[in-house]
1. Near the amide H of Val134, under 5 Å away, which other amide H atoms are found, from residues 5 or more places off or on another chain, if H is placed in the peptide plane?
2. Calculate what fraction, in whole %, of the accessible area of the chain sits on carbon and sulfur atoms when a 1.4 Å probe is rolled over the protein chains.
3. When each pair of different Cα atoms in the chain is counted once in the 1/r mean, what is the Kirkwood radius in angstroms, to one decimal?
4. Can you tell me the accessible area per residue over the range 37-194, all protein chains present, probe 1.4 angstrom, in square angstrom?
5. So who's got an amide H within less than 5 Å of the one on Arg13, skipping anything under 5 residues away but keeping other chains? H placed 1.01 Å off N, in plane.
6. List the residues, sorted by chain then number, that are 5 or more residues from Ile72 or on another chain and whose placed amide H is less than 5 Å from its amide H.
7. Starting from 0.36 nm per residue, how many nanometres of slack lie between Glu190 and Arg60 once their C-alpha separation is accounted for?
8. If you plug each phi of the range 125-134 into the Karplus form 6.51 cos²θ - 1.76 cosθ + 1.60 with θ = phi - 60°, what whole-Hz ³J(HN,Hα) values come out, in order, with x for Gly and Pro?
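The values are calculated or read from the model by the stated rules, or taken from the named source; none is laboratory data. Here the structure is a predicted model, which means the values were calculated and not measured. Just the protein is used for accessible areas: all its heavy atoms, side chains included, with ligands, DNA and RNA removed. Shrake-Rupley method; radii C 1.70, N 1.55, O 1.52, S 1.80 Å.
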Amino acid sequence: ALEALGVRGSGTRVFGSVSRLDPVKDHATMIRAFAEVARDRADCVLLIVGAGPERGNIERLARELRVESRVILAGFADEIPRFLAAMDAFLQPSRAEGLSLTILEAAAAGVPIIATPVGGTPEIVSNGETGTLVPVGDHEALAAAMRSFLDDPEPFRRMALRLRTEVETAFSTARMAERYRALYLEVLAERGKR
């Protein structure tokens, strides 16, 4: 259970992330931002789900910034929906990204998203409308967004509901199947012209 990870105390807000522990995912910026927030807020923890080569560096930085007791490294997990259900806000401060499946999963789970506008993320998250976008590598901007969430989570929840609706509409299996069908028909029609 998530309680076994030390995640759910009453009133504790969970900032979470699901990704490979890789430099491109920029967990260092996430840890620095969390450390700033944690300095004056005892009501939050950071849950990082994933495995990878950066684990040692993440642990070291959390120790250096004295937040290791409030940073939970859950390791690799298959049951992502269970972890998303424990998160109050989803963080993804990546330096580069394709079309992020974890952002889509967080969106479908209705978890408010704070991310960087890289790769396909701005196609999913519209800043101030369906989530919050912060500059790449800017731990102060990320910390400010996290503090705003802690001070008043309601606007973030409203944006998450809007995004959930959009994602369910745009990325449903039926919608994707229809897009593939249209693409195949277009390719076949092009081939027929040659």
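1. Amide H neighbours of Val134: Ala115, Thr116.
2. Values: 5180 of 9960 Å².
Carbon and sulfur together cover 52 percent of it.
3. Numbers: mean 1/r = 0.0574 Å⁻¹.
This gives a value of 17.4 Å.
4. On the way: 8530 Å² over 158 residues.
Averaged over the residues of the range 37-194, the accessible area is 54 Å².
5. Correct list: Cys44, Val45.
6. Leu46, Leu47, Ile48
7. Between Glu190 and Arg60, full extension yields an extra 41.2 nm.
8. Calculated HN-Hα couplings, in order: 9, 9, 4, x, 10, 10, x, 10, 10, 10 Hz.
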